[in-house]
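See below for the structure under consideration.
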Amino acid sequence: FMTAEIIDGKRIANTVKDEVAAAVLQRTAAGFPPPGLATVLVGNDPPSHIHVRNKTKTCEKLGIRSFSHLLPEDTTQEVLENLIGQLNSNPDVHGILIQLPLPEHLEPYHLLSLIDPRKDVDGIHPVNAGLLSRKESTPWFIPCTPAGILYLIHSIEPDITGLEAVVIGRSAIVGMPTAQLLCRNNATVTICHSKTVDLPKICRRADIVIVAVGQQNMVKGSWIKPGAIVIDVGINHVPDNSDPRGYHLTGDTDFESILPIAKAITPVPGGVGPMTIAMLMQNTYNAALRFD
Ligand code: NDP
């Protein structure tokens, strides 16, 4: 009887963060300025506030300066454009992160395209997205969640050359860049989305399944090839009176039914989430190095 290894994203993220903290310390001891990360959050979306707070708290722990910009829901496009311009030219700021989603009246992809690509620690600027999609070129930054996903896969399978990967979800921040990153690493990649026909069948041929949809319990054990690696990116809030927050978090997989079939699976929480923040810290450190 086999049971899947539960990939401890929290522990792996802690080792990455320890490495970044040591590198930051060495850097500042040598007289260089600390890396700086600016976060921009517009409006009152509660999960976004939690995400940004986690990011700024982690910065502080690692010796990275954080510049937190919390703006009201009715902030105009023009105010944001000016803020991005200021952050681009501020030498203390090496990384700029605009927390998504933005309120309806703002046009996110236009705003993201105004970030200096060398400060685009989320790897979402069209220049970085374009460079990621082209095998011969190196982006300034690889988006944090995809980078964290690859790191976790490598902890189980150091070489994914020739493996079949199925990515469910094609968003600009998770699904699509994850597919491109796996392809750059020589996996054979299939991208699935809401219009895909017979998802379970496609899933069953995968050695690596990445689920980034936002639908709890979607991927079942019966969809999984025995011995596959399953990465669950989803973060779903389930109402729960027994939890002091009034909800608990769950992913996009039917975790229990996958355990007896897969080789390894990430839990939610404690899988991809902590890795996303660790990779953001690493990207911010790398950004600072390039400005020295
Ligand atoms: P989006 O809503 O932008 O994208 C969801 C994708 O899933 C879309 O491509 C959509 O297809 C596809 N999809 C929706 N329904 C189905 C279905 N029934 N079958 C197959 N595909 C479907 O979400 P994100 O990519 O931003 O995030 C995905 C999940 O990951 C969310 O739960 C989010 O909270 C979480 N997340 C977690 C992070 C972490 O650090 N752990 C970081 C970022 C996100 P279509 O394109 O056709 O609409």
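Each value in this text was obtained by applying a stated rule to the coordinates, not by laboratory testing. Values in this document were obtained by computation on a predicted structure and should not be read as measured data. Positions of Cβ are generated from backbone atoms using ideal geometry, with glycine treated the same way; all protein chains shown enter the neighbour counts.
Structure summary
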| read-out | value |
| --- | --- |
| Sites excluded, GluC sites (Glu not before Pro) in DSSP loops with at most 15 other C-beta within 10 Å, longest stretch of the chain | 137-292 |
| Amide H within-cut-off set for PHE67, under 5 Å, with H built and near neighbours excluded | LEU37, ALA38, THR39 |
| Calculated log₁₀ intensity ratio I(q)/I(0) where the Debye formula runs over C-alpha points of the range 102-142, q = 0.20, 0.32 Å⁻¹ | -0.57, -1.03 |
| Distance from the range 26-71 to the range 223-261 (C-alpha centre basis), Å | 28 Å |
| Where only C-alpha atoms are counted, convex hull volume of the range 32-117 per residue in Å³ | 81 Å³ |
| For the chain, share of DSSP beta bridges that run antiparallel, in % to the nearest 5 | 10 percent |
| Fraction of alpha-carbon pairs over 17 Å apart in the range 236-292 - percent | 60 percent |
| Projected label distance in nm at LYS220 and ASN241, using a 7 Å step from Cα toward the beta-carbon | 3.0 nm |
| Over the range 127-200: Rg over Rh, Cα atoms, Kirkwood Rh | 0.96 |
| Sequence-distant residues sharing a close amide H with ALA206 (under 5 Å, placed H) | LYS225 |
| Debye intensity ratio in log₁₀ form over the Cα atoms of the range 143-273, taken at each q of 0.12, 0.17 Å⁻¹ | -0.41, -0.82 |
| Pair ARG205, ASN88: separation of 7 Å Cα→Cβ label points (nm) | 4.4 nm |
| Length-normalised contact order for the chain - Cα pairs under 8 Å, 6+ apart - percent | 23 percent |
| Residues with amide H under 5 Å from that of THR188, placed H, sequence gap 5 or more | GLY162, LEU163, GLU164, ALA165 |
| Ranked by how many other beta carbons lie within 10 Å on average, peptides 37-45, 184-192 from highest | 37-45, 184-192 |
| Spin-label proximity, LYS135 to the range 156-170 - amide N less than 19 Å from point 7 Å beyond Cα toward beta carbon | 159-167 |
| Of every Cα-Cα pair in the chain, the percent that sits beyond 28 Å | 39 percent |
| Dipole axis of the range 32-117 (+1 Lys, Arg; -1 Asp, Glu on Cβ), positive-most option in PRO35, PRO108, GLN77 | PRO35 |
| Cα extents of the range 47-183 along the three principal axes, largest first (Å) | 47, 32, 29 |
| SER155/LEU25 FRET efficiency (R0 25 Å; Cβ-Cβ; nearest 0.05) | 0.50 |
| Highest to lowest packing among 276-284, 119-127, 259-267, scored as the average C-beta count within 10 Å | 276-284, 119-127, 259-267 |
| Residues SER171 and ASP198, FRET efficiency given R0 of 25 Å [Cβ-Cβ distance, rounded to 0.05] | 0.70 |
